[in-house]
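The values are calculated or read from the model by the stated rules, or taken from the named source; none is laboratory data. From a predicted model like this one, the values you see are computed outputs, not experimental measurements. Note: ideal-geometry Cβ built from the backbone for every residue, glycine included; neighbour counts use all protein chains shown.
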Amino acid sequence: MSNDQNISITTRNIVTIAILASLGGSLSTFVGYLGNLINLSLGVPFGAGQFMAGLHVFWLILIRVIVAKRGTGTMGGLLKGLVELFTGSTHGLVIVAVSMVQGLLIDLGAEIVGTPHNSGNTKLVWWLSAGVAAASNVFVLQAFYFSGAHWILLTVIALLAFSSGVIFAGYFAWETLQFLKDSRVLSNSFSSTRPPTVSRTGVTYRNLPAIGLIIFITVGSLYYTVAVAQVFSDPYSCKVTGLVENPFTYSPQAFAGQEVTVQAELQGVNIHLDPANYTGILLSTILEAAIPMAETTGVRIVARDGYAILLDLDEVMIDTHLLLTEAEDGLWLIASNYDGALWIRMVTTLEIY
Amino acid sequence: MLHRLNPSLKLAGLIIITTAILIYPSWRFSGLLLLLTILGYKISNVPLDVSKKRIRFLVAFSALLFAFQVLMTANGTILFFIIPRYDFMGPFLPVTDFGVEKGFGMSLRFLLVVFSSMLFVSVTDPTLLAHSFTRLRIPYRYSFALVIALRFLPLFDMENKTVRMAQRSRGISISVRGMSRILRTIRYTFFPLLISALSRVDALSLSMDGRGFGHSRTRTYLRKSSWIALDSAVLVLLSTLLLTSILLTLGFLPQVSAII
């Protein structure tokens with residue numbers, strides 16, 4: 001980080017950010033065209049476009065390095081997103097959110113590592129933050145359009161975007177900065193020597209915004225993975241919650257020895273599964289362990305894909321053919337006394353109300 | 001009519017609509033808002049004259065979102081199988097009513113975000129938007145950056161074409177076969193444009209400084225945005241929309257949620 005981080009932004013800085021954001025927005029069509037060419041050359045209808053994701057972050061890296069001041073990455077991201085919105089991006093307002101998050105992540109990386117220069121760990125952290133920023137578009141877009149996508153698919157796409165970020169917004173951006181310096185367009189900011197060391201107090205104060213951002217992103221990521229995406233949750237466990245005295249996370253191992261085997265036949269409108277034996281824990285046994293409160297009347301069963309059904313609690317508690325069994329993709333609700341639509345795959349929550 | 005609204009209010013409206021459908025992701029709610037957006041095109045006399053290529057993309061992407069949700073959703077009442085039973089094989093890939101509902105929800109959400117953004121862009125003057133930001137106490141030096149960025153777009157588009165034509169005349173073609181060729185293609189396009197763009201920074205910033213840009217905390221404007229009674233009415237409507245979506249999500253409006 002340069003010593004002029006806290007000096008207010010000058011007219012030259014504003015013009016530099018605006019012009020680079022404008023150029024980035026203008027060339028986004030060209031980048032999209034390159035993505036389509038790669039799709040064609042690989043013979044796939046879409047997907048390879050993520051390989052160009054780093055080229056969108058490239059401009060934000062240039063902005064943050066050339067105007068080495070706190071927050072310029074975010075400002076550049078916001079501006080580039082607005083430019084793309086006004087030039088008719090096919091993602092609409094979402095592109096502003098995508099671009100701004102990318103800028104924010106680059107600012108975070110810059111806060112951690114300081115002034116960009118051409119050596120050692122500094123370069124590595126800048127390149128990695130470029131990769132993370134490029135990969136973030138996958139998760140922002142997922143939040144808007146692809147909710148429910150399998151985490152393996154998301155991880156593969158995110159890794160592709162991350163690699164693109166490291167290559168185009170890391171390696172290529174550094175090559176570009178060196179080129180700009182060699183051609184004397186760039187006179188400051190990008191140095192090949194290490195910056196002078198600053199006092200310990202300076203480091204502490206300087207890092208406060210970074211610490212804040214890290215906490216925000218860590219808490220946000222945890223909330224996202226645990227409460228929204230449930231990426232890392234065990235598919236063979238489910239939450240037992242609601243109006244109960246003992247909420248807990250159900251797992252079959254905790255109920256070892258209480259398994260029952262029932263013969264059930266799925267009878268749906270368009271599907272019929274022949275009678276088969278299913279082994280698992282009765283729903284009544286699981287709910288009893290949670291100790292439902294006196295005023296409860298029903299249970300809401302929710303699946304990973306958002307599907308939910310409501311059942312009468314009294315009927316559930318006396319049903320000896322309603323159980324949770326382990327299948328290849330998670331917990332299944334076997335409901336032999338009910339319609340086929342009430343057989344649920346990938347159960348994640350049992351909520352008593 | 002939408003042209004007359006305050007630009008900041010229009011931006012707030014766009015954000016509120018996007019937030020509302022994220023909070024309450026019902027396909028009926030998205031469909032209703034999409035209908036209102038299309039009505040917005042009508043009353044503002046903004047034609048839906050997007051290019052065929054763009055329409056093709058929008059339709060293809062919304063169809064992709066629909067198919068993705070249908071295939072990824074296993075629960076619900078099975079309507080049919082994409083691969084039916086044959087002898088002892090199958091059936092595979094069930095299509096459920098819940099999956100179809102989710103698919104509609106995602107496709108309509110995508111179309112709503114895109115069409116409402118396009119409407120916003122069509123009825124909003126960027127210069128007035130920048131001015132309206134200053135009325136929200138955002139320093140004019142920052143909001144002016146948006147004006148600069150948008151003003152330079154036609155110039156960069158023209159320069160981009162010039163650079164690519166110059167390359168073609170020298171026998172340099174765009175190639176994506178291999179990483180080194182991709183990098184070479186990008187390098188040949190980006191480097192001349194970057195040099196050209198950054199060389200304008202000094203001239204423009206010195207010119208702005210010379211004219212006293214940033215000297216005073218306030219500045220004068222040739223064209224200003226204004227706040228009229230209609231803006232207040234629209235703000236109330238938008239706030240109601242946001243509040244309704246929150247109440248629907250929390251389950252406080254069961255009669256309404258049964259309909260939308």
Residues (facing chain A (nearest Cβ under 10 Å), more than 20 Å from the chain's Cα centre (by Cα) and surrounded by fewer than 23 Cβ atoms within 10 Å (Cβ to Cβ)) located in the stretch B:99-136: B:E101
Residues of the stretch B:94-110 satisfying the condition of being under 9 Å from B:I78 (Cβ atoms) and out of contact with any helix residue (DSSP H, G or I) (no Cβ under 7 Å at 6 or more places or on another chain): B:P94, B:T96, B:D97
Members of the stretch A:7-24 that are within 14 Å of A:F58 (Cα to Cα), small (G, A, S) and either surrounded by fewer than 24 Cβ atoms within 10 Å (Cβ to Cβ) or at the interface with another protein chain (Cβ under 7 Å from one of its Cβ atoms) (or both): A:A21, A:S22
When residues of the stretch A:259-315 are limited to those that are within 30 Å of B:V70 (Cβ to Cβ) and of a type in the set (V, I, T), the one farthest from the other protein chains (Cβ to nearest Cβ): A:V299
Enumeration of residues in the stretch A:320-353 that are more than 10 Å from every other protein chain (Cβ to nearest Cβ), farther than 21 Å from A:A254 by Cα and surrounded by fewer than 21 Cβ atoms within 10 Å (Cβ to Cβ): A:S336, A:N337, A:Y338, A:Y353
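Do the conditions hold for B:L248, that is, is it crowded, with 16+ Cβ neighbours inside 10 Å and within 28 Å of A:Y353 (Cβ to Cβ)? Even if it seems obvious, please write down each step before you answer.
On the way: crowded, with 16+ Cβ neighbours inside 10 Å: yes; within 28 Å of A:Y353 (Cβ to Cβ): yes.
Here the answer is yes, as B:L248 does meet what is asked.
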Within the stretch A:244-283, tally of residues that are surrounded by fewer than 18 Cβ atoms within 10 Å (Cβ to Cβ), modelled with pLDDT of 90 or more and either touching a helix residue (DSSP H, G or I) at 6+ places or on another chain (Cβ under 9 Å) or of a type in the set (D, E) (or both): 9
Count of residues meeting criterion [in a helix (DSSP H, G or I) and crowded, with 20+ Cβ neighbours inside 10 Å] in the stretch B:17-26: 4
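Do we find that B:F191 is assigned to a helix (DSSP H, G or I), within 10 Å of another protein chain (Cβ to nearest Cβ) and aromatic (F, W, Y) in this structure?
Details: assigned to a helix (DSSP H, G or I): yes; within 10 Å of another protein chain (Cβ to nearest Cβ): yes; aromatic (F, W, Y): yes.
Yes.
Answer yes if at least one residue in the stretch B:204-217 is away from chain A (no Cβ under 11 Å) and within 30 Å of B:L11 (Cβ to Cβ), and no otherwise. Talk me through it step by step, then tell me what you get.
Taking the stretch B:204-217 first, the residues away from chain A (no Cβ under 11 Å) are B:216-217.
So of that shortlist, the ones also within 30 Å of B:L11 (Cβ to Cβ) come out as B:216-217.
Yes, because at least one residue in the stretch B:204-217 is away from chain A (no Cβ under 11 Å) and within 30 Å of B:L11 (Cβ to Cβ).
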Cross-chain or 6+ apart pairs with Cβ under 8 Å, the stretch B:153-169 first and more than 9 Å from chain A (Cβ to nearest Cβ), then among the polar types (S, T, N, Q) and surrounded by 13 or more Cβ atoms within 10 Å (Cβ to Cβ): B:V163/B:T189; B:Q167/B:T189
Evaluation of B:S225 against (1) at pLDDT 90 or above; (2) among the hydroxyl-bearing types (S, T, Y); (3) loosely packed, with under 14 Cβ neighbours inside 10 Å (one fails), failing number: (3)
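With the condition kept exactly as written, say whether any residue in the stretch A:199-211 is within 19 Å of A:G54 (Cα to Cα) and either away from every other protein chain (no Cβ under 14 Å) or modelled with pLDDT under 85 (or both). First the steps, then the outcome.
Filtering the stretch A:199-211 down to residues within 19 Å of A:G54 (Cα to Cα) leaves none.
For the stretch A:199-211, residues within 19 Å of A:G54 (Cα to Cα) and either away from every other protein chain (no Cβ under 14 Å) or modelled with pLDDT under 85 (or both): absent.
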Count of residues meeting criterion [without any contact (Cβ under 8 Å) to a residue 60 or more places away in the chain, surrounded by 14 or more Cβ atoms within 10 Å (Cβ to Cβ) and out of contact with any Lys or Arg (no Cβ under 7 Å at 6 or more places or on another chain)] in the stretch B:204-222: 3
Unique residue being of a type in the set (V, I, T) and either away from chain A (no Cβ under 13 Å) or within 29 Å of B:K10 (Cα to Cα) (or both) when the list is B:V59, B:V70: B:V59
